[in-house]
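Enquirer: Sharing a structure, written as structure tokens. Questions coming.
What follows draws every value from the coordinates through simple rules; no lab data is involved. Computed from a predicted model, the values in this text were never measured in an experiment. Note that we place each Cβ from the backbone using ideal geometry, even for glycine, and neighbour counts take in every protein chain shown.
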Amino acid sequence: MHIFIGRIDLNIFKVIAADISTDVVVLTDERLEHIRSRHPNDIERYFDCLRCLVEEPDYILEANKPSTAVLLKRFSEAGKNFQLVLRLKTAADPDGRMNSIITFMKVYDSKYQQFLRTKKILYKRE
């Protein structure tokens, strides 16, 4: 099973892959359990942030795997920063696969700034 999270802007995410097959983003049960076990309470506390994060990321960073993006988002009103790893479905992937969240976590400001210093920025929200 999977949970519908939102829709990505294909024009923005083409910096990762030119042949993205769908704009739908889901969170599978298996990945939900992964997030719960590795980052306790983040998904329960901040689930409502997921849609905004995938639909309006502040940054898209290069990931270490193909067709994968690292998204960063700062929610100023809450004073929180988040990282999300998103696997994109491309033409090479089998039917039935969707863009899916690999992991999600709250990150401290120092880690957020470290990502911006050390990772390749592919997209920055204006």
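Enquirer: Using Cα pairs under 8 angstrom and six or more residues apart, how large is the relative contact order of the chain, in percent?
Expert: 28
Enquirer: With label points built 7 Å along Cα→Cβ from the Cα atoms of residue 97 and residue 120, find their separation and express it in nm.
Expert: 2.0
Enquirer: Step through the table entries 80/106; 89/120; 80/120, compare each Cα-Cα distance with 19 Å, and write down the pairs that go over it.
Expert: 89/120; 80/120
Enquirer: Let me make sure I get this right: for the stretch 2-124, a, b and c are the square roots of the gyration tensor eigenvalues over alpha carbons, sorted descending. Under 1.5 in a/c it's rounded, otherwise prolate if a/b > b/c, else oblate. Which is it?
Expert: Judged from the Cα gyration tensor, the stretch 2-124 comes out oblate (a/c at least 1.5, b/c at or above a/b).
Enquirer: Taking the Cα centre of the chain as origin and charging only Cβ (+1 Lys, Arg; -1 Asp, Glu), how large is the dipole, in debye to the nearest 20?
Expert: Magnitude of the dipole: close to 480 debye.
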